[in-house]
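What follows is a single structure, written as structure tokens, with notes after it.
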Amino acid sequence: MLLLFLSVKYAFIYYNSLVFPLFFYSSYLILLYKIYNANNKYGLNFLLNKTSDYSKLLLTGNEAIALGGAKAGVYTAVGYPGTPSSEILPYLSKLNSSAIVNWSINEKTALEIAIGTSIGYKRAMFTTKHVGLNVASDPLMTLALTGVRGGLVVVTADDPGMHSSQNEQDNRLYSKFAKIPMLEPSDSQECLDFTSKAFDVSEEFDTPVILRTTTRISHSRSVAVFSGKFPPAEELENTKNIYRKDIEKFVMVPVYARKRHKTALERLKRLIDFSNGSGLNSIEYNDKEFGIITSGISYQYAKEIAPFASFLKLSFSYPLPDLLIKDFVKNVKDIVIIEELEPFIQNEIASFGIELKGKEYFPQDGEFNPDIVLSGLQKAGFFNGKKHIAKENDADKDFRISLRNTLPPRFPALCSGCPHTSVFYALKKLKVPVMGDIGCYTLGALPPLNAMDSCISMGLAFGAAQGLSLTKSSHKKTVGILGDSTFFHSGITSLIDAKYNNAKFTAIILDNSTTAMTGGQDHPGTGKNLSSNQLISNKIDIKKIIEGIGIEEIFVIDPYDYNDTFKTLKKALDSNNLNAVITDRPCVLYPKKIDTGRKFKISDGCTGCDLCMQTGCPSIRLPYEKNGAVNPVPFIDSSCIGCSICRDICVFNFIEEISQS
């Protein structure tokens, strides 16, 4: 029941605002529970042992995309983990399909693998978060000219509100930029269906297709009906077409690229006709005094808030269906456009000579929720003479405000026993400029560690460290710091550049043997991958790579030994050479939670000097007195995993190991 409670289709819609009390969707919970008991086949276990051709499944959007890819006969599925897209490939790898599913070293490489699969007449899928498409944009923009052979679907999961990202760019603009079609699902059923449909569109129009989701679609569950079976292995392996050269299609030297650009422009005209007649975009006529044009998750919010309105739901959202839009505008009086982030739809419709309002009422930043949609529609006059479908009473509103005000804040922090903690604490004490990177270690920039000065893009650390060192604006040596997965993703090339250009900084690789921030995915340094049944093979040694670059000073440290960590970092920073420091402790959570079996306590005599609190370890806490006052003497709670970093930091020796006898 708890799973169902957390997974209901509309519960997530009210996640940010708690606008409506629980009884508004309790009947939906009961319905889901009845369906669950009647079928007893929701989820992965059923798919792994599937015996019928029809089933109802409770899926996240990411799971539904994986299922849609398997149903469509995807041959190769590749990507790089990044929230909110990370779950697609692991789920696909567990399905009873014959797809080759693997993580790649970065997004550019992943898309290039997908392109090669497509050139070989097989269907391919590439998954990424929104900023990952920036990394893959070089091959994408030219792929838009070459076209495809086997269907190729690019899944981009955007992150409005930046729940786990450094920006909230709107990747709908990539579709227009590259002149390739885009589909936008608004629930799990559409994630399943549109993924499968995208492969057909790709092959019919000789083009890659973007499937765009957002965080709320990617991670929310709703019922999806799956019918049919996965294509058997022999069907996927069967080569219907023998490989042949076609240099005018796939070799983009200028003489051929000019021709392919004209072909892409002609294709766009045909795609507009398809957008008008495909049935993927739909009109729902209700009260023709009020109209809403929308797409994706915004459709769900708007439908809940203003069900009386007429809707133009855009699912094939680029190129837009000009005739359908003109028909809707002709038949509906007052129309507003609801879309997260950029005024993409609004500007495209304006290009047809139709001026409609949208961003005048709705923000251009952040993730939408029902409160925002309600407020925007009120500004647009949508409730003049209308009653809101689920108006809050005063008691509910008071409860919601009280809940928000009384919930304790939870600040981001590294985990108890995180091997990165001692490195950042030492860097803070050494007071050196630190160019950082993307990963859970980005938390080293926040209080109380305050030990990182930049976090802009993935793989930036070593390049930025080289650039900052050239300015000589600091009298201390610069540090570049990133994780093991990021090192493989885009840190190697900048370290090569640093050696090539005789740069002088200290490169730190925090090797915790996983891609921790996105959920513990594997990378070349783990020697495991999705399609290899998790067997150790081809493990790439970071130290040997750095040696191969020609860097001679390489230090490998155990970050649980704080004193040695501090001494080693100081030695590396005192050197006038380009050098590297590699930490050698696994993540405390992935692939399994670590507990050393040791426990520590703060002994009597501690005066509360605050040194141990400066590590930011969540296991070290301040107690509250009965009168509500804070006692300055901390204690170590039961979540301690026994890393011993705090003991090393306490210069007064008031932290001691608890005897386990």
| task | Could you work out, for the stretch 282-403, what percent of all Cα-Cα pairs fall into each 10 Å distance bin, beginning at 0 Å and stopping at the bin that holds the largest distance? | result | 13, 46, 31, 8, 3
| Dipole magnitude of the stretch 560-638 about its Cα centre (Cβ charges: Lys, Arg +1; Asp, Glu -1), debye to nearest 20 | 220
| said: Rg over Rh of the stretch 63-208, using C-alpha atoms and the Kirkwood radius, what does it come to? | reply: 0.92
| said: Over the stretch 143-253, what is the relative contact order in percent, taking alpha-carbon pairs closer than 8 angstrom and at least six residues apart? | reply: 36
| request: With no solvent and one equal point scatterer placed on each C-alpha of the stretch 421-584, evaluate the Debye formula and give log10 I(q)/I(0) for q = 0.15 Å⁻¹, two decimals. | output: -0.76
| said: Given an 8 Å cut-off on Cα distances and at least 6 residues of separation, report the relative contact order of the chain as a percent. | reply: 11
| note | FRET efficiency (residue 621, residue 383; Cβ distance; R0 45 Å; to 0.05) is 0.40
| remark: Sorted on mean Cβ neighbours within 10 Å (highest first), peptides 354-365, 177-188 come out as 177-188, 354-365
| Listed residue (351, 315, 332) projecting farthest to the positive dipole end of the stretch 282-403, Cβ model | 332
| Tell me which aspartates and glutamates have Cα within less than 20 Å of residue 477's Cα, excluding those fewer than 8 residues away on the same chain? | 437, 453, 497, 552, 553, 564, 574
| request: Mind scanning 476/499; 229/249; 431/601; 431/593; 262/326; 122/269 and naming the pairs with a C-alpha gap bigger than 23 Å? | output: 229/249; 431/601; 431/593; 262/326; 122/269
| Dipole of the stretch 595-661, Cα-centred, from +1 at each Lys and Arg C-beta and -1 at each Asp and Glu C-beta, to the nearest 20 debye? | 100
| query | Contour minus end-to-end for residue 630 and residue 653, with contour as 0.36 nm per residue of separation and end-to-end as the Cα-Cα distance? | reply | 6.0 nm
| For the stretch 41-276, what relative contact order do you get, as a whole percent, if you take Cα pairs closer than 8 Å and at least 6 residues apart? | 26
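Based on the Cβ-Cβ distance from residue 284 to residue 173, what FRET efficiency comes out when R0 is 22 Å, to the nearest 0.05?
Working from the Cβ atoms, E equals 0.25.
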| field | On Cα atoms only, tilt of 322-331 relative to the major axis of the chain in degrees | value | 70
| Helix 26-39 sits at what angle to the longest principal axis of the chain, using alpha carbons and giving 0 to 90 degrees rounded to 10? | 90
| note | When 523, 219 are ranked with the fewest other C-beta atoms within 10 Å first, the list becomes 219, 523
| field | Along each principal axis, Cα extent of the chain, largest first, Å | value | 78, 70, 55
| query | Taking +1 at the Cβ of each Lys and Arg and -1 at the Cβ of each Asp and Glu, which of 110, 602, 62 sits farthest along the dipole of the chain towards its positive end, judged by Cα position relative to the Cα centre? | reply | 110
| said: Please compare each pair in 108/472; 303/330; 71/303; 197/592; 544/567 to a cut-off of 27 Å on the Cα-Cα distance and tell me which ones are over it. | reply: 108/472; 71/303; 197/592
| task | Could you check the simple spin-label distance between residue 229 and residue 259, using points 7 Å along Cα→Cβ, in nm with one decimal? | result | 4.4
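No value in this document is a laboratory result; all are computed from the given coordinates. Quantities reported herein were computed from a predicted structural model and do not represent experimental measurements. When we count neighbours, we look across all protein chains shown, and the Cβ atoms used for this are built from the backbone with ideal geometry, even at glycine.
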